[in-house]
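These notes are about the structure you will find just below.
The values are calculated or read from the model by the stated rules, or taken from the named source; none is laboratory data. All figures in this text were calculated on a predicted structure; none of them were measured in a lab. For neighbour counting, all protein chains shown are included, and Cβ atoms are generated from backbone atoms with ideal geometry for every residue, glycine included. SASA here: full protein model, heavy atoms, side chains in, ligands and nucleic acids out. Shrake-Rupley method; radii C 1.70, N 1.55, O 1.52, S 1.80 Å.
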Amino acid sequence: MNLLFLFIYMVIIIAVIEIFVILFRLTGLKVEVSRFQVISMMTGTGFTTWESELILGHPIRRKLATFLILFGAFSLAVIISSISQFLSEGLHAKEIFFGAGAIIAVFAVLKTERVRRRLAKVFNRQMKQSIELADLPVRDVFLKNNEDVLLNLHIYEDSTLVNHTISEAVKDHEELELVVLFIQRGDVKIRKHLYDTKLHEGDQLLVYGVNEVVLKVFHEDISIMKENQKNRELPTNNIL
């Protein structure tokens, strides 16, 4: 009976994990990421990878994560107490089977295509109502593909962009797969008329686009930036 109880207990744990893997998948998270994060939260392991930002920056996932963390924290004492009681008084196999059956039934319902579609619509509707772009991590917004890149380009005195506008320096910029998000000038972010604003020494451009295109268009200025930062012993990794 002890072996039977341990087997049923493992089935319950696996079923709970798979239920929440399905729920996380319905929010758009990949299955391998979902399973790893579910196990991490349930066990309180606390892996601090960038993948955790995908959960913290998402309203639905954050609620699911809250339940898992609480479940993992409070269930350990209950499980130990229950095991001790079962071992001392004898196992109540009937109640255990009912509990395991209920969890497996929930898992089976969530595996049906119709239920999953309805839950996905509910999650998406709530996401549109409450999620804010500012709450999402950079990787989740901009760097969805391997070829995407964000470049924080510093403008120095010898940069080819000094005293020129982006329109003048980058020919046919409207046809290229890149966009300048803003110009940082001191404490001011310039967002209006970006391409017609003359650039000054000390400005910073936040450029988003395809890696190959961005590096090709700004290769001279990137080289100048790296050389200046190297001479000043500053970090040279400005590509996010």
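Annotations
Per-residue answers, yes or no, for (1) part of a loop (DSSP other than H, G, I, E, B); (2) at pLDDT 60 or above; (3) touching a helix residue (DSSP H, G or I) at 6+ places or on another chain (Cβ under 7 Å):
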{"residue": "115", "(1), (2), (3)": "no, yes, yes"}
{"residue": "120", "(1), (2), (3)": "no, yes, yes"}
{"residue": "125", "(1), (2), (3)": "no, yes, no"}
{"residue": "140", "(1), (2), (3)": "no, no, yes"}
{"residue": "143", "(1), (2), (3)": "yes, yes, no"}
{"residue": "149", "(1), (2), (3)": "no, yes, yes"}
{"residue": "153", "(1), (2), (3)": "no, yes, yes"}
{"residue": "157", "(1), (2), (3)": "yes, yes, no"}
{"residue": "161", "(1), (2), (3)": "yes, yes, yes"}
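- Top-ranked residue in the range 169-198 [being touching a strand residue (DSSP E or B) at 6+ places or on another chain (Cβ under 7 Å), at pLDDT 85 or above and in a loop (DSSP other than H, G, I, E, B); ranked as surrounded by the most Cβ atoms within 10 Å (Cβ to Cβ)]: 197
- Subset tally (residues that are open to solvent by 10 Å² or more (accessible area, probe 1.4 Å), part of a helix (DSSP H, G or I) and of a type outside the set (Phe, Trp, Tyr)) for the range 16-36: 12
- Selection status of residue 96, in a helix (DSSP H, G or I), open to solvent by 30 Å² or more (accessible area, probe 1.4 Å) and modelled with pLDDT under 85: no
- Flag: residue 66 does not match the condition of being modelled with pLDDT under 65 and under 28 Å from residue 25 (Cα atoms).
- Taken as a whole, the structure leaves residue 102 outside the set of residues that are modelled with pLDDT of 80 or more and within 22 Å of residue 123 (Cα to Cα).
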